[in-house]
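Worksheet: the structure to be examined is printed underneath.
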Amino acid sequence: MENEIKKGCRLIHLETPTNPTVKITDIERIAELAREQDALLVVDNTFATPILQNPLSLGADLVIHSATKFLGGHADALGGVLCGRKDLVEQVFHYREINGATMDPNAAYLMIRGMKTLDLRVWKQTENAGRLAEYLSGHPAVAEVFYPGLEDHPNHEIAKKQMKGFGSMFSFSLHGGMEAVKEVLPRLEFANRAANLGAVETTVGPARTTSHVESTPEERAELGIAEGLIRYSAGIESFDDLKQDLENALQALNMSNAQS
Ligand SMILES: *Cc1c(COP(=O)(O)O)cnc(C)c1O
């Protein structure tokens, strides 16, 4: 990234943690490089939420959120948030005025109502994700678990430095690949199969058919997204229920292997 930035640029847009492999970028470091180029740094903070990460304090110029996810938190309204320096936000605000992407009153009401419990939800979801990622790391059917809270995550130290918690998003792959994913996901009773994330209900889905459905297999490979990668957005359900649910679904995998 450093080499590319040093070639010169006007705006750097980054997402950390990333969707769906939860890679972490050092915001302070990129902010420094951006300043050297007189470039603006925009951070998509959707996965971290304002509870766990504050990019403006780390040197970013603008922060964006898909409020559809954690801010609303109940999978029932679409929206977005832009925060940062007034002169920059005003430019976007004016553009939006002309183009008409204005939230309707009911969606606005749902957002305001949802945000009242943001702090409570995010910490509970983070706790669930951390414990589930630990559990899956030790499961024989699981090939790899991606979660910045795991000590063997390549960016664990940066995450610890710039986040207050590691978030509720993680992903994992199964030894059986996509075939195993097709066995396991329909058996989950607590996790809804959906492209959404960040809601009170746990949602789960393969990146191949959700967030990165528009990428080619080659593009996904380049991004390190295995075809059988499962993205898991931990909700606020009881940890024991979520763990048991995964356990049951993965158990079925063993049985179908034994039969074949
Ligand atoms: C969902 C998502 C978006 C897009 O937001 P919408 O509210 O669906 O338009 C952007 N960034 C991230 C990280 C997301 O998860």
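Numbers for the structure displayed
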read-out: Mean-position separation - Cα centroids, segment 199-260 and segment 88-124, in angstrom; value: 29
read-out: Cα-derived Rg over Rh, computed across segment 126-260 with Rh taken as Kirkwood radius; value: 0.95
read-out: Accessible surface of SER211 - all protein chains present, 1.4 Å probe, nearest 10 Å²; value: 50
read-out: Overall form of segment 2-115 per C-alpha gyration tensor (a/c, 1.5; a/b vs b/c); value: oblate
read-out: Theoretical gain in end-to-end length, THR102 to SER137 [0.36 nm per residue, Cα-Cα removed]; value: 8.3 nm
read-out: Distance (nanometres) between label positions extended 7 Å along Cα→Cβ at TRP123 and SER57; value: 1.5
read-out: Modelled label reach - ARG10, point 7 Å along Cα→Cβ, segment 17-46 residues with backbone N closer than 15 Å; value: 37-42
read-out: Label-point gap, in nm, between ARG113 and THR209 - each point 7 angstrom along Cα→Cβ; value: 3.2
read-out: Separation in nanometres of the label points that stand 7 Å from Cα toward Cβ, at VAL81 and GLU179; value: 4.5
read-out: Efficiency of FRET between GLU90 and GLU36 - r from beta-carbon atoms, R0 22 angstrom, step 0.05; value: 0.30
read-out: Heavy-atom SASA rank of PHE146, PHE47 (probe 1.4 Å, accessible area, largest first); value: PHE146, PHE47
read-out: List HIS156, HIS13, ordered by accessible area with a 1.4 Å probe, largest first; value: HIS13, HIS156
read-out: Anisotropy class of segment 1-53 from Cα gyration tensor, a/c 1.5 cut; value: prolate
read-out: Computed [θ] at 222 nm, deg cm²/dmol, the chain (DSSP H ≥ 4; -39,500 (n - 2.57); rounded to nearest 500); value: -12500 deg cm²/dmol
read-out: Longest to shortest principal axis, alpha-carbon extents of the chain, angstrom; value: 64, 46, 33
read-out: Kyte-Doolittle mean at least 0.5 and Cα axial length at least 24 Å: DSSP H helices in the chain; value: none
read-out: Charge dipole (debye, nearest 20) of segment 118-259; +1 at Cβ of Lys and Arg, -1 at Cβ of Asp and Glu; value: 260
read-out: Accessible area (Å², 1.4 Å probe, nearest 10) - ILE5; value: 10
read-out: Over 27 Å between alpha carbons, listed pairs LYS23/LYS164; LYS6/LYS164; LYS7/LYS69; LYS23/LYS124; value: LYS6/LYS164; LYS7/LYS69
read-out: Relative contact order computed over the chain (Cα-Cα under 8 Å; 6+ residues apart), in percent; value: 18
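The values are calculated or read from the model by the stated rules, or taken from the named source; none is laboratory data. Everything quoted here is computed from the prediction, not taken from an experiment. Note: ideal-geometry Cβ built from the backbone for every residue, glycine included; neighbour counts use all protein chains shown. Heads up: the accessible areas ignore ligands, DNA and RNA and are worked out on the full protein's heavy atoms, side chains in. Shrake-Rupley method; radii C 1.70, N 1.55, O 1.52, S 1.80 Å.
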